[in-house]
1. List the lysines whose Cα lies under 29 Å from the Cα of Lys39, skipping any in the same chain that are fewer than 8 positions away.
2. Roughly how many Å² of Ser89 are accessible to a 1.4 Å probe, to the nearest 10?
3. Residues in segment 1-32, backbone N under 18 Å from the label point at Arg70 (7 Å along the Cα-to-beta-carbon vector): list them, ranges by number please.
4. Could you tell me what percent of the accessible area of segment 3-82 is made up of carbon and sulfur, with a 1.4 Å probe and every protein chain present?
5. Taking a probe of 1.4 Å, how large is the accessible area per residue of segment 3-82, in Å²?
6. Using only Cα atoms and rounding to the nearest 10 degrees, what angle (0 to 90) does helix 107-118 make with the longest principal axis of the chain?
7. Quick one: in the chain, what % of C-alpha pairs are over 19 Å apart?
Amino acid sequence: MESTRVDRWLWAVRLTKTRPDAAAACRGGHVRVNGKPAKPATTVVAGDEVRARVHDTTRILEVTRVIQKRVGAADAATCFIDRTPAPPSESAVPVARRERGAGRPTKRERRVLDRFRSGEN
């Protein structure tokens, strides 16, 4: 088995829950193979790069092994190398938070918050 359809491969490596979901992602333009938009019947071979937008996350995968049947999660993980970059940390931007149940801010607290939001110190 040297090549297979991209929708079948996405389903076999457990990136999508069903094969129709994988085909719909291809038709919707959410899947690219080697930088080109992929139709469900686009073939993938070992060494191809597959970019798929699944659950609001773009996954970048390198095909290492081509399979056509759905296999267990441990076996499926050996069929690709995940090249997806790590998501940015959420603590990059400080957020002003008040304790729950603290009520409305006092006039003094509101002025402090306004200065914080405008960038003054």
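1. Counting by Cα, and skipping residues close in sequence, Lys39 has these lysines nearby: Lys17, Lys69.
2. Only protein atoms counted, so the area is about 80 Å².
3. Residues passing the 18 Å test: 5-26.
4. 50
5. Per-residue value: 55 Å².
6. 40
7. 56
The values are calculated or read from the model by the stated rules, or taken from the named source; none is laboratory data. Remember, predicted model here, so these are calculated numbers, not experimental data. So basically every Cβ, Gly included, is an ideal-geometry build from the backbone, and we count neighbours across all protein chains shown. Areas reflect the complete protein model, heavy atoms only, side chains present, ligands, DNA and RNA absent. Shrake-Rupley method; radii C 1.70, N 1.55, O 1.52, S 1.80 Å.
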